[in-house]
Structures are given as C-alpha cells and as structure tokens.
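Trainee: One structure, pasted below without further comment.
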Ligand code: OGA
Ligand code: MN
C-alpha cells in the first residue's frame with residue numbers, strides 16, 4: 001500500500017497517513033478507492049487543502065454535487081462552509097443528529113468530504129455509525145422482515161413546518177433556507193440498501209429524515225424505527241472522529257450515518273464541505289411492490 005493505514009474501529013473507518021491529496025499517483029488513487037470501499041470512512045491526516053484543491057480531489061470520486069437549500073462559498077459554488085462562530089451559543093448546528101446527507105432526495109448524494117480549517121480546543125467531534133455491520137448483527141428473522149420494506153424519507157427540516165427541535169434557534173453561520181414545499185414531500189427508499197463497492201447490505205434510515213415505513217402510519221412505524229435507531233447507535237457500531245488540524249475526512253452516505261457533536265460553545269469551528277455523486281438508492285434485496 002502506498003500509504004500507512006490504521007483502522008479506527010474494527011469494522012469502520014481508517015486513518016491514512018503519508019500521502020498528499022493534491023498529488024496522487026494512479027497507484028495512490030486506486031489504493032485510496034479500495035480503502036474507501038472497505039472502510040467507508042477515511043481520515044487523511046495533514047492535508048489542509050484550499051477550496052480549489054478540495055474540489056479537484058473530490059472530483060476523483062465522481063461529479064461534484066451541489067446541495068439544495070445550503071448557500072455555498074461566494075467564489076466556490078461546489079463548497080460550503082460548515083461553520084459555527086464562537087458567539088453562537090445554545091443554537092442547533094448543522095447535522096447534530098444521526099443522518100445520511102440529504103437522504104430524502106430522489107437521488108441522494110453519495111460521498112461527503114470535509115476539510116478541517118479551524119477547530120475548537122476540544123469537542124466538535126463527528127460520530128459515524130456503521131449501517132452494514134448493524135444490519136449484519138440483526139437476527140435472521142429481523143433481516144427477513146426488514147429486507148423487503150421501504151421507508152419514507154422527508155426533508156422536513158428544510159420544509160414549511162416547524163423544525164424538530166422546535167423553538168431552538170438555528171445556527172446563523174451555515175446559511176440554510178427553509179420553507180420549501182418540495183422538502184415536505186416524502187419519498188420511498190429501500191430500508192435495506194446496497195453499498196455497491198463492498199456488496200454489503202446497509203440499513204438506510206435515520207431519525208433526522210425517516211418519517212415512517214411505507215404503507216404504515218408514523219405511529220405504527222415508531223417502535224420498529226425506534227428500535228433500529230437505538231441499534232444503529234450502539235457503541236460497537238460507532239466511531240468518533242476527533243479532529244486534528246489538517247484532517248480531510250470522507251464518508252460514504254450509502255453505508256454510514258453521522259452526526260456533528262454540538263459541545264463546543266464559545267469556540268469557532270470551520271470545515272469546508274464538498275459533496276460528490278448522487279444516485280437512486282439501490283435495494284439490497286427484492287422490494288415489495290408499492
Ligand atoms: C455535514 C455534517 C458534520 C460535522 O457536513 O454533512 O453533518 O461534524 N457535518 O460538521
Ligand atoms: Mn451531514
């Protein structure tokens with residue numbers, strides 16, 4: 001391998017050292033993609049890419065994807081600033097509960113890439129949960145019950161109704177627009193999605209965007225989905241990215257959910273985010289007709 005790789009957890013995540021993301025040979029590129037397929041969350045240490053270099057690096061993995069509802073950098077339409085200022089206290093932050101990015105879209109984005117720029121002295125970690133290993137750990141009976149199902153995802157936090165955290169003020173530094181009627185729409189996705197690079201099935205639901213099981217009410221769905229959210233978030237399926245200066249982090253939204261820990265009031269945190277590729281989720285198993 002043309003770089004040093006150390007696993008973060010036994011099944012999920014790896015730290016890559018000894019490469020320059022601005023200058024990858026074909027062998028580096030191939031080895032990085034193979035590591036990404038297996039580990040699904042990669043942290044490349046000591047990078048500090050500027051916005052142009054981050055876009056160039058991101059394009060190795062597919063076409064850049066422009067996110068709806070979130071304002072990009074003025075001079076870089078493919079980059080958003082994930083920012084909380086020191087004086088933004090007791091606000092909800094971007095991505096602070098388990099989610100896969102924009103999973104409610106018909107063709108949700110596949111890869112998300114974050115470059116650290118300014119970090120709090122402690123805190124502001126990013127957590128990931130392994131949706132493939134969480135699926136594997138279920139009993140055969142549970143797998144058989146879940147595998148043909150679809151779940152409804154909705155972008156309601158960008159929609160016309162009140163945010164799930166009610167009156168809590170939103171951060172102002174990430175300019176997110178709300179009130180979009182199309183974000184209220186529910187879309188059916190397979191509950192068990194295929195992570196094509198590894199061929200593994202992955203649970204595809206999250207408390208941020210999943211509203212209910214298809215064909216059932218939210219109330220009827222609540223105990224099954226609640227069980228799955230608890231299961232996914234078990235410590236043995238999760239890893240924690242403790243950011244270091246220069247870290248370049250990337251994950252595959254088909255195979256993990258993530259959350260930004262909002263525990264660093266009083267400190268500035270700035271990351272640059274690019275998003276790559278999008279696709280209609282592929283079911284891991286045959287779906288029931290709907
Ligand atoms: C995101 C996100 C996590 C973080 O950029 O999609 O959820 O730790 N960010 O800021
Ligand atoms: Mn996110």
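A short reminder: the numbers here are calculations on the coordinates, not readings from a lab. All of these numbers come straight from a predicted model, not from anything done at the bench. All Cβ positions, glycine included, derive from the backbone under ideal geometry; neighbour counts span all protein chains shown.
Trainee: Give me the Kirkwood hydrodynamic radius of the range 1-160 in Å, from all C-alpha pairs, to one decimal place?
Mentor: Taking every pair of different Cα atoms in the range 1-160, averaging 1/r and inverting gives 18.4 Å.
Trainee: If you build a Gaussian network model of the chain, linking Cα atoms that sit under 10 Å apart, which residue out of 33, 84, 143 swings the most?
Mentor: 143
Trainee: In addition: Counting only helical runs of four or more DSSP H residues, what would the 222 nm mean residue ellipticity of the chain come to if each run contributes -39,500 (n - 2.57) and the total is spread over all its residues?
Mentor: Values: 5 runs with 50 residues, N = 290.
It comes out at -5000 deg cm²/dmol, rounded to the nearest 500.
Trainee: Most mobile of 202, 144, 255 per a Gaussian network model of the chain (Cα springs, under 10 Å)?
Mentor: 144
Trainee: Provide 152, 171, 216 in ascending order of the number of other Cβ atoms located within 10 Å of each residue's Cβ, fewest first.
Mentor: 216, 171, 152
Trainee: Test of understanding: ordering 98, 251 by Cβ neighbours within 10 Å, fewest first, what list do you get? The partial results should precede the final answer.
Mentor: Numbers: 98 22, 251 27.
Ascending Cβ contact count within 10 Å gives the list 98, 251.
Trainee: Continuing with this model, one more query. What is the spread of the Cα atoms of the chain along each of their three principal axes, largest first, in whole Å?
Mentor: 48, 45, 32
Trainee: Still on this structure: What is the percent of Cα-Cα separations in the range 1-86 that go past 15 Å?
Mentor: Counting pairs separated by more than 15 Å, the tail of P(r) holds 65 percent.
Trainee: Tell me, what is the FRET efficiency for residue 184 and residue 74 to the nearest 0.05, using R0 = 25 angstrom and their Cβ-Cβ distance as r?
Mentor: The calculated FRET efficiency here is 0.30.
Trainee: Next question, about the same structure. Write down Rg/Rh for the range 221-290, rounded to two decimals, with Rg from the C-alpha atoms and Rh from the Kirkwood relation over Cα pairs.
Mentor: Ratio of gyration radius to Kirkwood radius for the range 221-290: 1.04.
Trainee: Debye sum, Cα scatterers, the range 147-251, no solvent: what log₁₀ I/I(0) at q = 0.19, 0.22 1/Å?
Mentor: Values returned for q = 0.19, 0.22 Å⁻¹ are -1.18, -1.25.
Trainee: Per q in 0.17, 0.18 1/Å, what log10 I(q)/I(0) does a Debye calculation on the alpha-carbon atoms of the range 205-255 return?
Mentor: -0.68, -0.73
Trainee: Next question, about the same structure. With labels modelled as points extended 7 Å from the Cα through the Cβ direction, what inter-label distance (nm, one decimal) is found for residue 34 paired with residue 20?
Mentor: 2.4 nm
Trainee: For a quick check, take a GNM of the chain with Cα springs below 10 Å and name the residue from 16, 80, 224 with the largest mean-square fluctuation.
Mentor: 224
Trainee: Here's another thing I want to ask about it. Return, for the Cα atoms of the range 82-131, the radius of gyration and Dmax in Å, separated by a comma.
Mentor: 13.2, 39
Trainee: Using alpha carbons only, how many angstrom separate the centre of the range 76-137 from the centre of the range 247-265?
Mentor: First find each Cα centre; the distance between them is then 4 Å.
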